[in-house]
Amino acid sequence: MAANRRNGMTSPAHGLEDILSPAASHPRTSLPNVATIVTTVAALYFGREVFLPIAIALLLTFALAPLVSSLKRAGIPRIAAVIVSVVGAFAALALFSFIVITQVSELAQNIPVYQTNILTKIRSLKETGVGGGVIARLSKVVERVGQEIDRQDTSAPAAAPEKPPREPVPVEIVSREKPLEVLQNIVGPLISPLGSAGLVIVVVIFMLLEREDLRDRFIRLVGYGDLHRTTEALQDAGKRVGRYLLMQLVVNILYAIPIAFGLWILGIPNALLWGLLALALRFVPYIGPAIGMLLPLFLALAVAPGWSLVLWTAALFVVMELITGNVVEPWLYGSRTGLSSLAIIVAAIFWTWLWGPLGLVLSTPLTVCLVVLGRHVPQFEFLDVLFGNEPVLEPHARLYQRLLAGDPDEATDHAEEMLEEKYLVEFYDKVAIPALLLGEQDRARDVMGDLQRRQVAESALVMVANLDDSAQEEADEEDDPPAAEEGHEDKDASGEDEPELPDGTDLSVLCAGGRGELDDAAAAMLAQVLEIQGATVSKAGFADLELANIRRLELEKVDTVVVGFLNRDSVKHARFLVRRLKRAKAALRVGIVFWSQSANEDKEAAAKLAHDINADFVAHGMVDAVVGALSHEPPIALKLVAKRRMRRPRATPRKVSAAAS
């Protein structure tokens, strides 16, 4: 087989690691009980005054730690590096806040200027449509409802005549506040946020100064028995969160600069304000960019008499969002957060409910920390399963689940995704056959009924039929292999030579299932691979190999018969089929495949088993089955079994004499 296709085919011993995303099977994930979840959420909710500043300080520590390390490597002492980093970060935030407040104040003063344009557009909306427009009709409906309510009130029985109501006397309360009270009213609302900000600054400084000590204490508290895993978790969390925050800041800046410049070109007032708000709001997942777009759109509606400015402003935001989401973000960090899209939305809802607007901004980095914790600490593995973006089912288990559900279309989609980089023989060997082995295990444990077994087998056969196009593409590549470069050797990812599957031209092979419908599905997969290699292939079901039907098989033009068993305990039945097939045609090669998920089967044990059952070869995987089926070795003659004759016991002389008398 040509080994130059796509990324190349890996060897049987190393292909499993490249195909299966989880390296090994994981035990069942244990979920925390309801009491633990309720207690944790209640503590975070009622203790948000304490936990929220600590969470902000922790994330800022992750973000500023690389900067502090860089300054230390430049020769600056630790204390100076920490102070410079923290003061610089909060000075940038203060400057940002000052510019935003200034721009908002300027915008508020100019709002009355735009009233004429707003009223003009409202009148134009009222005049659109038939019969006075949509707005006019809605107004009439509301007016009629109000009249009906008033009519019901007046229809009530009249009571005693009341005196006409007296007009209220306007009263104006004038209070003279002392200067101290005025200052208190101004400064009072600012004390809480300023105090929280100061607390966060102090906590960040001490976390950066005591970072190594805090790390050691955390290791001693939760991971002293496994230093390797705990260290890896801390490093992973620091890198993920710090890189996410830094890259998100870079992305937002690259997004905000064209927005501000474009709004300035279009003539939108306070373009700098909208650029800064776009930078800040884009930290909020999904809804942040939409909120940042609405305010400039409203202003574009107010400053110009027509509608063209509104359309140009919307086009600017849409184009920048498409470029940023599809080009800039994948280029800078892609999906390095390790979160699924649904997890980001759910996390945003949860943290917003828990901690308000600040929780919405912190939702993604906080959830990243939880996913890292679940990835490295077994007790919290459920967090990685719930929120992570890595596949939680191995490919063969996922495929079996689809077959078990009777969904061959999604199973085909799953197969075609893998076939973009893998050969069909490798997909069958490492994914499809192990999926059928799971079905055989369920059948052996009596947890799968006959109906389910037939459904799995039928779904697998439909999937094989759907992959005929992929098989034809591989066959065409085999007919016209690309020219190998000089000095180039086909090797797999491990550096070892890749095995070449033999050419099956001028060979005829019959593939059959051994004992059930699942065996027939595995035989169909083997038949498709043999067809790719150029062999003439026919198929037979397990029912065709029964004693009453085996002589009806058309074996005249068949060179080799391959019978597959998913059940490894079918050695006696395999020996019986070998003898029956070789008796039907003496010059017939018969191979037996005991399908196995393991890639390292003992070749000597397979050869010994083949000798014991009188088979020409015994294979355990797809590659060995193809090699054995397309071999040109002469068939092994059928061994004659010596029959033991039954001897009748001789009559004793006493019985003979008695008979004579």
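Readers should treat all values here as calculations from the given coordinates under stated rules, not as data from a laboratory. Computed from a predicted structure; not experimentally measured. Quick reminder, even Gly has a Cβ in these numbers, built from the backbone with ideal geometry, and neighbours come from all protein chains shown.
Using 29 Å as the Cα-Cα cut-off, could you pick out the over-long pairs in LYS422/LYS603; LYS557/LYS639; LYS422/LYS582; LYS539/LYS572?
With Cα atoms farther than 29 Å apart: LYS422/LYS582.
Calculate, in nm to one decimal, what ILE257 and LYS603 gain on full extension: separation in residues at 0.36 nm each, minus their alpha carbon distance.
118.0 nm
Identify the residues of region 561-575 with backbone N under 15 Å of a label point that sits 7 angstrom from the Cα of ASP544 along the Cα-to-Cβ direction, or state none. Label zone hits: 561-564. Residue separation of ILE54 and VAL328 scaled by 0.36 nm, minus their Cα-Cα distance, works out to 95.5 nm of gained length. Cβ crowding within 10 Å, taken as a proxy for footprinting-reagent exposure, orders LEU373, LEU95, LEU263 from fewest neighbours to most as LEU95, LEU373, LEU263.
Once the Cβ-Cβ distance of GLU556 and GLU416 is raised to the sixth power relative to R0 = 30 Å, the FRET efficiency obtained is 0.20. Label positions at ARG445 and LEU249, each projected 7 Å from the Cα along the C-beta direction, are separated by 5.1 nm. A simple spin-label model places the labels of PHE218 and LEU301 4.7 nm from each other, with each point 7 Å out along Cα-to-Cβ.
The gain in end-to-end length when the PHE576 to SER340 segment is fully stretched comes to 79.7 nm, 0.36 nm per residue minus the alpha carbon separation. Net charge of the neighbourhood of LEU518, taken over other residues with C-beta under 12 Å away and scored Lys/Arg +1, Asp/Glu -1, is -3. Taking Cβ atoms as reference points and 15 Å as the exclusive limit, the residues near ILE83 contribute a net charge of +2, counting Lys and Arg as +1 and Asp and Glu as -1.
Counting other beta carbons within 10 Å of each residue's own, what order do ASP520, ASP213 fall into, fewest first? Before the final figure, lay out each step's value.
Numbers: ASP520 24, ASP213 9.
So the residues, fewest neighbours to most, are ASP213, ASP520.
Taken along the Cα-to-beta-carbon direction at a fixed 7 Å, the label points for ASP506 and LEU95 span 8.1 nm. When the Cα gyration tensor is reduced to axis lengths a ≥ b ≥ c, the ratio a/c is 1.5 or higher for region 519-601, and with a/b not above b/c it is classed as oblate.
Ranking of GLU49, GLU500 by neighbouring Cβ atoms within 10 Å, starting from the fewest: GLU49, GLU500.
For LEU507, the residues whose amide H sits under 5 Å from its own are THR536, ignoring neighbours fewer than 5 places away on the same chain, with H placed 1.01 Å from N. Taking Cβ atoms as reference points and 12 Å as the exclusive limit, the residues near GLU417 contribute a net charge of -3, counting Lys and Arg as +1 and Asp and Glu as -1. Using θ = phi - 60° in the Karplus curve 6.51 cos²θ - 1.76 cosθ + 1.60, the 3J(HN,Hα) couplings for region 265-281 round to 5, 6, x, 6, x, 6, 4, 4, 4, 5, x, 5, 5, 4, 4, 6, 5 Hz; x is entered for Gly and Pro.
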